[in-house]
Amino acid sequence: MLLLFKLAWRNLLRHRGKTMVIGTILFIGSLVMTVGNGVISGMDQGMARNIVARFSGNGVLMSAAQQSESILMSMTGQTVEPITRYLALKSTLAKLPHVKETLPAGVGYVWVLNETGQPIDQYLLGVQFEAYHHFFGNNLTLLSGRPLQPGEKAVMVSAKMQEMLYDMSNYWVLPQTGTLDVKALPTEAKAEGVANLDIRRELVFMGLSRKNASLDILSPVVGLFKFKAFNSLLGFYSIIDIESLRECMGYYTADDKAATINTEAQTLLAKADDDIESLFSTVALDTAAQTGKVDLSALSGTSAAVQSAIPANWEDGIFNVIFFKTMDGRLSNRQLAEINAYLKQHDTGLKAVRWSTAIGAIGQMAVVMKAILFVVVGFIFFVAVIIIMNTLSIAALERITEIGMMRAVGARKSLISRLFLTETFLLSAAFGGGGIIVGAIVVKVLAMMHLATHNEMLQIFFGGDSFRPALQLTDIVVSIIQLLVVTGLSVLYPIWVARRITPLDAISRD
């Protein structure tokens with residue numbers, strides 16, 4: 001074995017040109033593969049840090065009757081099947097395998113109504129804000145106003161929706177206690193003048209339900225916020241109290257001893273015949289025609305029947321999603337299968353999906369970005385194999401005389417094979433190992449730079465609003481395995497070429 005290493009080292013020094021070419025390729029290939037693995041690992045950690053920990057949890061529980069599982073960010077805005085037995089199931093869910101904690105909530109696809117234009121669609125996240133803050137931590141940046149208070153029926157509007165409502169409905173949303181920041185206004189609003197700005201401090205939401213049992217609610221705006229990461233993607237959500245969401249989505253039905261007729265309809269039914277006719281008087285119609293507006297203030301309030309159906313305990317009501325976090329911060333296929341088996345065994349009527357499934361397009365985009373990185377690394381992998389293979393094959397042909405003489409004095413083909421393997425793996429260890437070490441240093445330096453971006457696609461690529469690649473021990477091991485595979489594949493054809501060289505070839509060459 002010592003003799004083999006001496007021969008291999010001698011050959012590498014004798015053919016310095018080829019050695020440097022192959023070594024440089026191995027160095028660059030291992031460097032890029034290591035950095036690529038660091039980027040992929042950093043993206044995974046960034047997703048876990050920003051989406052899993054701050055928006056969705058590791059996974060969500062939903063009704064087993066729910067067909068489409070992309071309930072958090074559906075492009076169709078389909079109705080989410082309700083979960084009606086949460087309080088009865090709470091003790092059972094507390095024993096879910098691998099699950100650390102849960103948070104019941106409601107998601108609703110709604111229209112924001114206005115008097116002058118087309119309704120604007122958005123998502124509402126209905127929560128008990130204290131429980132939400134405890135579960136997701138400090139995941140919001142409050143821009144104006146204040147958070148929701150316990151028992152308060154109001155909404156916190158995202159900055160993304162504030163911009164959309166102005167662009168499409170030409171009014172500017174502000175919290176009830178917030179002051180106007182002229183610098184934050186869009187250019188068009190500044191051009192029209194602050195005096196002409198239509199400021200709204202309450203919004204009318206109409207829940208969209210295929211059962212047509214939703215209500216229109218008027219909700220005061222108490223805060224303006226943005227998500228600390230992925231706000232351009234997640235900002236289609238505004239946060240509302242859970243009771244208002246239940247009313248808006250029509251979860252209080254006749255079976256709950258609650259009326260589903262909105263306040264405006266109840267007002268009409270309560271009026272005498274003469275009063276109803278007065279609503280359609282010439283004066284009323286002329287007023288509406290002149291102003292071009294319909295008074296939506298009548299939509300505020302909650303009917304007595306609905307109010308009586310609201311439980312004293314916020315958990316004693318209907319939800320349609322339950323966020324959960326796992327004990328180890330991960331959700332493997334095995335863990336997901338065990339959670340679903342437990343849910344089915346205890347007849348909960350629920351099923352669990354991972355966050356990337358529940359969040360729909362965003363989760364798919366993250367998978368696509370990861371696949372792109374794998375393709376890039378794989379392409380470099382392929383190119384490195386081809387170049388090293390060709391270079392080693394040329395080197396073998398240039399050493400016909402040397403190899404032929406070795407065969408003439410009794411060297412077997414197995415010795416020639418071992419010699420080529422030893423030479424190549426010495427190069428791989430020296431140059432490839434150096435590439436891995438330098439790649440690890442590059443990853444560390446890039447992470448320390450905290451490169452930030454506001455671009456939506458780059459945020460998915462980065463796994464957040466800053467570029468933080470990371471290398472774990474498993475990533476180093478993967479880089480070493482990739483280097484060994486590249487080396488092994490690269491040397492197969494050159495070994496085959498070298499084994500075919502005979503003493504006669506050496507004589508013929510001379």
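Listing for the model above:
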quantity	calculated
Unmet requirement for Ala411, which otherwise passes all of (1) hydrophobic (A, V, I, L, M, F, W, C); (2) open to solvent by less than 50 Å² (accessible area, probe 1.4 Å); (3) in a helix (DSSP H, G or I)	(3)
Members of the stretch 140-171 that are over 20 Å from Leu233 (Cα atoms) and at pLDDT below 90	Pro150, Gly151, Ser169, Asn170, Tyr171
Residue, nearest to Arg49 (Cα to Cα), within the stretch 131-145, restricted to residues that are in contact with a Lys or Arg (Cβ under 7 Å, 6 or more places away or on another chain) and open to solvent by 30 Å² or more (accessible area, probe 1.4 Å)	Thr141
Residue that is surrounded by the fewest Cβ atoms within 10 Å (Cβ to Cβ), among those in the stretch 15-29 that are in contact with a helix residue (DSSP H, G or I) (Cβ under 9 Å, 6 or more places away or on another chain) and either in a loop (DSSP other than H, G, I, E, B) or not hydrophobic (A, V, I, L, M, F, W, C) (or both)	Thr24
For Lys90: the one exception among (1) surrounded by fewer than 16 Cβ atoms within 10 Å (Cβ to Cβ); (2) modelled with pLDDT under 85; (3) of a type outside the set (A, V, I, L, M, F, W, C)	(2)
Answer from Leu12, Leu4 - the residue that is in contact with an Asp or Glu (Cβ under 9 Å, 6 or more places away or on another chain) and either over 22 Å from Tyr342 (Cα atoms) or modelled with pLDDT of 85 or more (or both)	Leu12
Hey, Val438 β-branched (Val, Ile, Thr), buried (at least 22 other Cβ atoms within 10 Å of the Cβ), touching a residue at least 12 places away in the same chain (Cβ under 8 Å) and closer than 29 Å to Asp44 by Cβ or not	no
Which numbered condition Ile416 fails, given (1) surrounded by 16 or more Cβ atoms within 10 Å (Cβ to Cβ); (2) under 50 Å from the mean Cα position of the chain (by Cα); (3) of a type in the set (A, V, I, L, M, F, W, C); (4) in a helix (DSSP H, G or I)	(2)
Residues being within 30 Å of Glu423 (Cβ to Cβ) and either among the basic types (Lys, Arg) or surrounded by 17 or more Cβ atoms within 10 Å (Cβ to Cβ) (or both) - total across the stretch 444-479	5
Given (1) among the hydrophobic types (A, V, I, L, M, F, W, C); (2) open to solvent by less than 30 Å² (accessible area, probe 1.4 Å); (3) in a helix (DSSP H, G or I), number of the condition Leu124 does not satisfy	(3)
Flag if Leu148 is touching a residue at least 60 places away in the same chain (Cβ under 8 Å), closer than 15 Å to Phe55 by Cβ and surrounded by 20 or more Cβ atoms within 10 Å (Cβ to Cβ)	no
The stretch 448-486: number of residues that are in a helix (DSSP H, G or I) and either farther than 24 Å from Ala395 by Cα or touching a Gly at 6+ places or on another chain (Cβ under 7 Å) (or both)	20
Members of the stretch 178-206 that are of a type in the set (Val, Ile, Thr) and exposed (fewer than 13 other Cβ atoms within 10 Å of the Cβ)	Thr179, Val182, Thr187, Val194, Ile199
Number of the exception - Ile386 against (1) crowded, with 17+ Cβ neighbours inside 10 Å; (2) at pLDDT 85 or above; (3) assigned to a helix (DSSP H, G or I)	(1)
Index of the failed condition, Ser74 passing every other in (1) under 30 Å from Asp241 (Cα atoms); (2) hydroxyl-bearing (Ser, Thr, Tyr); (3) modelled with pLDDT of 85 or more	(3)
Any helices (runs of 4 or more DSSP H) falling wholly within the stretch 186-248 and containing at least 3 residues that are within 26 Å of the chain's Cα centre (by Cα)	231-234
Output for the stretch 93-110, where each listed residue is within 22 Å of the chain's Cα centre (by Cα) and either open to solvent by 50 Å² or more (accessible area, probe 1.4 Å) or of a type outside the set (S, T, N, Q) (or both)	His98, Val99, Lys100, Glu101, Leu103, Pro104, Ala105, Gly106, Val107, Gly108, Tyr109
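Quick grid of which residues meet (1) in a strand (DSSP E or B); (2) β-branched (Val, Ile, Thr); (3) out of contact with any Pro (no Cβ under 7 Å at 6 or more places or on another chain):
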position: Leu31; (1), (2), (3): no, no, yes
position: Gly42; (1), (2), (3): no, no, no
position: Met47; (1), (2), (3): no, no, yes
position: Arg54; (1), (2), (3): no, no, yes
position: Met62; (1), (2), (3): yes, no, yes
position: Gln66; (1), (2), (3): no, no, yes
position: Ile71; (1), (2), (3): no, yes, yes
position: Ala105; (1), (2), (3): yes, no, yes
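The values are calculated or read from the model by the stated rules, or taken from the named source; none is laboratory data. Since the structure is predicted, the reported quantities are computational estimates derived from the model, not experimental observations. All Cβ positions, even for glycine, are placed from backbone atoms using ideal geometry, and neighbour counts span all protein chains on display. These accessible areas exclude ligands, DNA and RNA; they are computed on the full protein's heavy atoms, side chains included. Shrake-Rupley method; radii C 1.70, N 1.55, O 1.52, S 1.80 Å.
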